[in-house]
Amino acid sequence: MEIWQEMVRQSIHTVDQLVEKFGLDKDVASKLDKFFQARINPYYLSLIRTPGDPIWLQCVPDEKELEDIDAEEDPLHEDDMSPVPNIVHRYPDRALFLVNSQCGLYCRFCTRKRKVGNSEKISMRNLESAFKYLSEHKEISDVILSGGDPLMLTDAMLEKILIRLRKMEHIQIIRIGTKMPCVLPQRITQELCNMLKKYHPIYVNTHFNHPWEITEESTKACTMLADSGIPVGNQAVLMKGVNDDADVIKELMKKLLSIRVRPYYLYQADITKGANHFRTPLRVGLEIVDKLRGHISGLGVPHFVIDAPGGGGKIPLLPEYVIMRTDDKVILRNYKYNIYEYPDVKDEKKVTTPENFLRKSGSTKIIRKKKTLPKEIKLPVLTD
Ligand code: SF4
């Protein structure tokens, strides 16, 4: 057994352990266990500094989860977009391939908790029909291995999957969605990296949410992946009490860049059963992004997105930078809230919305000469 497997085996997962280690009431712990099992491995447990801190909140079951268990189990309607078991085909050229139900840690905010940890829901027996679907759908050029966590498979099992995918010529890119570099970095071994790099282009999307998760061990894991030619991107989830603070996110993004992980997405928390207490107002995310753009390298600024409920896919959100727009100019504000006029190219086909013209900025400083700003807002004729 490898070290990481032994660490999974040593995870806190029983009701009695939850009571003893975290002081949960036994009745509550039993209900929480039935709702969504716990798995807290010794590495991630060691990152907790005090009860209720950002690491604790992500992994220790909380009574608040029982307050909204009537919410949707599958808020992103993945199951509606599953043509065969283990495949989610939402976008034309990409498909999600669920290869395993297990994870190195069970996150309390997980969107896929209806399946995670349940080998009946993500069954290895269904891999054949998934391979068949992928081989017949030539429009799919990008496959994202997910689960659960694909890196809970042994190297040999994972390699078998990669070999099958690499035999399909239309599949150009293989991405691996894994939280292991963050929650159990001991899983990233040189043997794993040597195997993965035989099947390039391989990308890894990982999931750090808080700067305390960047440790000597996770740095080593990400460095090994990067040294193997694997671009590593990060998908963080914005969560109340965990990282809903611009300074925390800024520190996280800067630390990620320093370990060669590229910030990719910052997700608005999904409306998932048992995770409502993590949700933040949209304003919080927009203000955080506003405090990143221009204040740290653009490399460190993730896309802030909502994964639209009902399966609409990712929708990017940006703070307002366009204050006003006419046929031939745009009034913009920069990261310091200074205002600039940009002469636009006249475009007969321009489609615009009146609302954009009516927004006021909270600007405190105007750089352009006042006389060049329009005295009144004229709405152009909508062409479409
Ligand atoms: S690692 Fe991913 S799939 Fe597994 S519990 Fe955490 S968020 Fe869910």
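The values are calculated or read from the model by the stated rules, or taken from the named source; none is laboratory data. Computed from a prediction, not measured in an experiment: that's the story for all the values here. Heads up, the Cβs are rebuilt from the backbone with ideal geometry, glycines too, and the neighbour counts pull from every protein chain shown.
Listed values, structure above:
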quantity: Boolean, residue 74 is more than 22 Å from residue 181 (Cα to Cα), outside the structural domain of residue 308 (by TED's automatic domain parsing) and not hydroxyl-bearing (Ser, Thr, Tyr); calculated: yes
quantity: Top-ranked residue of the range 257-270 - restricted to ones that are within 14 Å of the chain's Cα centre (by Cα) and touching a residue at least 40 places away in the same chain (Cβ under 8 Å), ranked as surrounded by the most Cβ atoms within 10 Å (Cβ to Cβ); calculated: 261
quantity: Candidate set from the range 122-137 (those that are part of a loop (DSSP other than H, G, I, E, B) and away from the ligand (no atom under 12 Å from the Cβ)); member that is modelled with the lowest pLDDT; calculated: 123
quantity: Identity of the residue in the range 156-196, touching a residue at least 60 places away in the same chain (Cβ under 8 Å) and in a loop (DSSP other than H, G, I, E, B), that ends up farthest from the ligand (Cβ to nearest atom); calculated: 189
quantity: Any hit, the range 137-152, residues being assigned by TED's automatic domain parsing to the domain that holds residue 112, free of Cβ contacts under 8 Å to residues at least 40 places away in the same chain, within 26 Å of residue 84 (Cα to Cα) and of a type in the set (A, V, I, L, M, F, W, C); calculated: no
quantity: Counted residues, the range 8-58 - those being of a type outside the set (Val, Ile, Thr) and buried (at least 19 other Cβ atoms within 10 Å of the Cβ); calculated: 16
quantity: Among (1) closer than 30 Å to residue 162 by Cβ; (2) within 13 Å of the ligand (Cβ to nearest atom); (3) crowded, with 21+ Cβ neighbours inside 10 Å, the one test that residue 61 misses; calculated: (1)
quantity: In the range 68-119, residue farthest from the ligand (Cβ to nearest atom) [restricted to those that are within 30 Å of residue 3 (Cβ to Cβ) and small (Gly, Ala, Ser)]; calculated: 119
